[in-house]
1. What value, in deg cm²/dmol to 500, does the helix sum -39500 (n - 2.57) over DSSP H runs of n ≥ 4 give at 222 nm once divided by the residues of the chain?
2. Go through THR291, LEU260, ALA322 and say which Cα lies farthest out towards the positive end of the charge dipole of the chain; charges sit on Cβ, +1 for Lys and Arg, -1 for Asp and Glu.
3. Looking at the square roots a ≥ b ≥ c of the eigenvalues of the Cα gyration tensor of the stretch 37-185, which shape do they give, rounded for a/c under 1.5, prolate if a/b is larger than b/c, or oblate?
4. Run the numbers for ALA322 and MET365: contour at 0.36 nm per residue of separation, minus the present Cα-Cα distance, in nm.
5. Out of PHE84, ASN180, LEU141, whose Cα points farthest toward the positive end of the dipole of the stretch 37-185 (charges: +1 Lys, Arg; -1 Asp, Glu; placed on Cβ)?
6. List, in order, the whole-Hz ³J(HN,Hα) value for each residue of the stretch 119-136 obtained from phi through the Karplus relation with A = 6.51, B = -1.76, C = 1.60 and θ = phi - 60°; use x for Gly and Pro.
7. Given H placed 1.01 Å from N in the peptide plane, which residues other than close sequence neighbours of PHE231 have an amide H under 5 Å from its amide H?
8. Distance check, please: which entries in LYS316/LYS352; LYS316/LYS337; LYS61/LYS98; LYS262/LYS352; LYS178/LYS337; LYS129/LYS182 exceed 18 angstrom between their Cα atoms?
Amino acid sequence: SNGEQSDLWTPLADQGWRPCLESVNTPSALPQNSEGYLQVFLDGGLNQQRMGICDAVAVAKILNATLVIPYLEVNPVWQDSSSFMDIYDVDHFINVLKDDVSIVKELPDEFSWSTREYYATAIRATRIKRAPVHASANWYLENVLPVLQSYGIAAISPFSHRLSFDNLPSEIQQLRCKVNFKALVFVPHIRALGDAIVHRLRYPPGETEALSSDYLRVTTDQNDKQRPQKFVVLHLRFDKDMAAHSACDFGGGKAEKLALAKYRQTIWGGRVLNSQFTDEELRSQGRCPLTPEEIGLLLAALGFDNSTRLYLASHKVYGGEARISTLRELFPLMENKKSLASSEERARIKGKASLLAAVDYYVGMHSDIFVSASPGNMHNAL
């Protein structure tokens, strides 16, 4: 009914959450002398790296260190070598945090030897390799500060999820918030493309209207008169990496089983956490990522129908169009970056997984409803 459709799009009731930045006091002046330079090497995808950046700033504050712009590792799955500066507005990042933490784009010449390659060749006294997951502030003061004071530099690798969320001073938690919600801003061309996609979802072009390659153009009078439409962003998270790591069977027959087994061996040496369970056990425990067909049935059961505008936020769907076809039949108004932006518009992000994910993140932030097919870093970040 119309009433049910209306309720479907109604925002959740206020649950008492408040932005932590509202209570941030004016930061105290930075100490005149830094303890040394802090480097961090971040693995994972865009959203895991984003959380790592927030942690890196917090650790630099705890140690009174000068943070070097974090180094983003090349992901073995996506093979993307995009740097921090390719994704985020680095000058904005440094300026927003200038009263909280000292940040530099690169090391001074006397420390130019401290590269990723340098740490990959041998055990180094300046590398902290065994930072525990969710380490406390005291752990860093006891284990990293002495290295900084002895050598003037410390490099932490690996670093993902290496800072606790519990029992930290409130000003450190608030600094994390400031990094995530104010300091980390995508570079202009990602924001411009994201705005163009959001606009086309809100104001769909007519069937005969071709996509303009100039996505910075001013909104037309016709669009101003249209009523903006609502849309759902679906993070499908059904890529080859996810399918293989789950150890589940997705009905692709013997060929698919062999292909996934070979991939597991190549990427993880055959070590997959769930491999000791049968497919039936994994499914009953909810350990299998939802297929496009399953997420389509779930959305339909919730009340979304074939008039719902759906934006698919995914890098590569395992199985390609053949796997998405049932979802597309249920939701014919399903769009993605390729359908909403011309090849000229997408030229600067083509083949770059982190930039593609950044556009999806941006569109997700501006959606009416965000649905994640399974928990993960994008879900947590949004």
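Where a number appears in this text, it was derived from the coordinates with a stated rule and is not lab data. This is a predicted model, so every value here is computed, not measured. Positions of Cβ are generated from backbone atoms using ideal geometry, with glycine treated the same way; all protein chains shown enter the neighbour counts.
1. Numbers: 18 runs with 158 residues, N = 382.
Mean residue ellipticity, 222 nm, calculated: -11500 deg cm²/dmol.
2. Selected residue: LEU260.
3. Values: a/c = 1.27, a/b = 1.05, b/c = 1.21.
Because its axes are fairly even, with a/c under 1.5, the stretch 37-185 counts as rounded.
4. Working: separation 43, 0.36 × 43 = 15.48 nm, distance 2.85 nm.
Taking 0.36 nm per residue and subtracting the Cα distance, the gain is 12.6 nm.
5. Going by the charge dipole, the pick is LEU141.
6. Values per residue, Gly and Pro as x: 7, 7, 9, 6, 6, 10, 5, 8, 9, 9, 9, 10, 5, x, 5, 6, 5, 7 Hz.
7. So PHE231 has HN proximity to ASP368, ILE369.
8. Working: LYS316/LYS352 12 Å; LYS316/LYS337 12 Å; LYS61/LYS98 12 Å; LYS262/LYS352 25 Å; LYS178/LYS337 29 Å; LYS129/LYS182 30 Å.
In this structure, LYS262/LYS352; LYS178/LYS337; LYS129/LYS182 lie more than 18 Å apart at Cα.
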